Amino acid sequence: MECRLAKQALKERGRWYLEPVPGTVLWGLALLAVLAVAAAVRWELLATRSLWYDEGYSLFVARMGGRQILQFLKANDAHPAGYYVLLSFWIQRFGEGLLVARLPSFVFGVAAVALTWLVASRLHGPASAAVAALLVAIHPFQVMASNELRMYSLLTVLVLAAVLAAVRAIRGGDSWALLLGVLWAAVGYTSYYGLLAVVGMAAALWTGGHRKVAGLAAATGLALYLPWLPYLAGFWRANPQLWTRETLWWGYPVELLAAQAFGGYWPDTFTYHTSFRGSVFLYVPLLVPYGLFAAATVALAGRERSEGLRLVRWTWMTAFVAILGLSLAMGWAAAYPRHLTFLQPLAACWVAVGLVELSRALRLRSRAAGLGVLWLLSLQGPALVAMQSDPRYQSYRYDLAARFVQSAFRAGDAVVYAPGGTSLAFEYYFRPPGPRVEVRIQPRPYRPEEWRPRFDRGLRALVGQVQRVWTVTTAPAPPAAETALKEALGARGYRVVGERAFPGLKVSLAVRAR
């Protein structure tokens, strides 16, 4: 009797559930179970997954300290300072061990699962919350973001917190609008991609009749963001290449959608670090359930208290459509799929609500919901397993390459890195004591005729000094770079005597005749 009354009361308030509302203890246990799964899959490879190029760069910047970080980023980076300052504070106090340095990302990753639960619960109830949180807990891109020294797991937490604050602000209270403004500024200090979500939230509030909330939050956020505007202006002048190095292709929108859904890592599909460029039709059956359940949220269009769902949809769609629009306008990809990882929990909420609504409409209740969850897990589960355990999906192994060089390194050997910056991850594992050369290039475009002169200039200092030269090459250097490097070495009397390829990079040894 009490369960029926509770169900009826919740329906009258405009919030729907598949079953009579169970005790809070049961839902609390469900939340703990989902968080345990999230923590387990994120912890598994936290200390053993190899550092890669971007993580090495994060450590390089974080070692500088506060004011120097700001000056450096103004002229050299496509991201704002927030994460780097946080990482700098962390490693100065706790060290640069891989497990310790990545711990904040791990914590943010698990927190994102909990926040997804809270967002979905406020939008639609605990059944939707459980589904959405589970989809985030085992999403390959979310797991990877929780395992690396980058800003994406922090950005995810800030965006979800902003959605929660916006939902509370809609229901009344200037303090929540002020908090929303603070969170918008924090998003802007963490990633420029996140600002697209801020625009979507602001537009949803303004067009939904919550103009006071939108105005107060925007004024607060802008006031807090004003100190960064001079740095932003310098950044735009000093960074002509703001986006990715990928040319645009017709399957790009499908890849972005798939990253928001099952997260790649199926055979012949893309990963966190790589693009697919294969048959786009492979993605159709994988995307069907997510599209079906997302479309089912339309059933809530006219219901009371649907403002939160509208806010989620606008936030997600504004950022997604903006990236596609920018890509079409520029002619190359405006973001890698991993750059939009922070949007995936919003997509998960959308899908989870649709699953619950569809099962209710079919009058199969928990049975239909359970089958829907199994359908989704049958797509995301194998992708996660492949990412964690299949050697084919280990995109970078700087650790193995560095240990290989260390095992055969001799006093007086030199190392050449191409392109410049490769050393940032490689030398985390082994810093060669001899001469070193970094060949730096403009990332776009790659012109083969430019490579030989650059290598010639870089190798000039080694002439007459060393007999053995190690070369370490990695993406984004094109194949023409390896040819040009060998030609430049050969012109100085060096002959390549051995090569070894590792995931994501290649190591060669060249010896000069005496």
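Structure data summary
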read-out: Which listed residue, of Arg63, Arg67, is under 18 Å from Leu149 (Cα atoms), out of contact with any strand residue (DSSP E or B) (no Cβ under 9 Å at 6 or more places or on another chain), without any contact (Cβ under 8 Å) to a residue 40 or more places away in the chain and surrounded by fewer than 17 Cβ atoms within 10 Å (Cβ to Cβ); value: Arg63
read-out: Number of positions in the range 199-212 that are in a helix (DSSP H, G or I) and open to solvent by 20 Å² or more (accessible area, probe 1.4 Å); value: 7
read-out: Odd one out for Gly490 among (1) open to solvent by 20 Å² or more (accessible area, probe 1.4 Å); (2) at pLDDT 80 or above; (3) touching a helix residue (DSSP H, G or I) at 6+ places or on another chain (Cβ under 9 Å); value: (3)
read-out: Given (1) open to solvent by 10 Å² or more (accessible area, probe 1.4 Å); (2) not in a helix (DSSP H, G or I), index of the condition Ala223 fails; value: (2)
read-out: Qualifying residue in the range 163-183 (condition: crowded, with 22+ Cβ neighbours inside 10 Å and polar (S, T, N, Q)); value: no
read-out: Pairs, first in a helix (DSSP H, G or I) in the range 178-196, second basic (Lys, Arg) and open to solvent by 40 Å² or more (accessible area, probe 1.4 Å), C-beta under 9 Å, six or more apart; value: Leu179/Arg168; Leu180/Arg168
read-out: Check on Ala368, part of a helix (DSSP H, G or I) and buried (at least 20 other Cβ atoms within 10 Å of the Cβ); value: no
read-out: Members of the range 249-277 that are of a type in the set (A, V, I, L, M) and closer than 22 Å to Ala475 by Cα; value: Leu256, Ala259
read-out: Residue ID - nearest to Ser306 (Cα to Cα), chosen from residues in the range 80-132 that are β-branched (Val, Ile, Thr) and out of contact with any Cys (no Cβ under 8 Å at 6 or more places or on another chain); value: Val131
read-out: Tally, over the range 402-413, of residues that are in contact (Cβ under 8 Å) with a residue 40 or more places away in the chain, under 30 Å from the mean Cα position of the chain (by Cα) and open to solvent by less than 40 Å² (accessible area, probe 1.4 Å); value: 0
read-out: Residues of the range 377-387 that turn out to be surrounded by fewer than 18 Cβ atoms within 10 Å (Cβ to Cβ) and either in contact (Cβ under 8 Å) with a residue 60 or more places away in the chain or on the phi > 0 side of the Ramachandran plot (or both), as a count; value: 3
read-out: 1 or more residues of a type in the set (A, V, I, L, M), open to solvent by 10 Å² or more (accessible area, probe 1.4 Å) and at pLDDT below 95: qualifying helices (runs of 4 or more DSSP H) within the range 88-158; value: 98-124, 126-137
read-out: Search result, residues across the range 388-422 that are on the phi > 0 side of the Ramachandran plot and out of contact with any Phe, Trp or Tyr (no Cβ under 8 Å at 6 or more places or on another chain); value: Gly412
read-out: Test result for Val416, within 20 Å of Phe455 (Cα to Cα), of a type in the set (A, V, I, L, M), open to solvent by less than 50 Å² (accessible area, probe 1.4 Å) and at pLDDT below 85; value: no
read-out: Selected residue [over 19 Å from the mean Cα position of the chain (by Cα), open to solvent by less than 40 Å² (accessible area, probe 1.4 Å) and aliphatic (A, V, I, L, M)] from Leu35, Leu29; value: Leu35
read-out: The lone exception for Ser50 - which of (1) part of a loop (DSSP other than H, G, I, E, B); (2) without any contact (Cβ under 8 Å) to a residue 12 or more places away in the chain; (3) not aliphatic (A, V, I, L, M) it fails; value: (2)
read-out: Single residue of the range 414-430 satisfying the filter (aromatic (Phe, Trp, Tyr) and farther than 15 Å from Gly504 by Cα) that is farthest from the chain's Cα centre (by Cα); value: Phe430
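Each row is one residue, and each column tells you yes or no for (1) open to solvent by less than 40 Å² (accessible area, probe 1.4 Å); (2) at pLDDT 85 or above; (3) within 15 Å of Val415 (Cα to Cα).
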residue	(1), (2), (3)
Pro448	no, no, no
Arg452	no, no, no
Asp456	yes, no, yes
Arg468	yes, yes, yes
Val472	yes, yes, yes
Ala475	no, no, no
Glu482	no, no, yes
Val496	no, yes, yes
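The values are calculated or read from the model by the stated rules, or taken from the named source; none is laboratory data. Note that the structure is predicted; figures quoted are calculated from it, not measured. We place every Cβ from the backbone using ideal geometry, glycine too, and count neighbours over all the protein chains shown. In case anyone asks, the SASA skips ligands and DNA or RNA and just uses the protein heavy atoms, side chains included. Shrake-Rupley method; radii C 1.70, N 1.55, O 1.52, S 1.80 Å.
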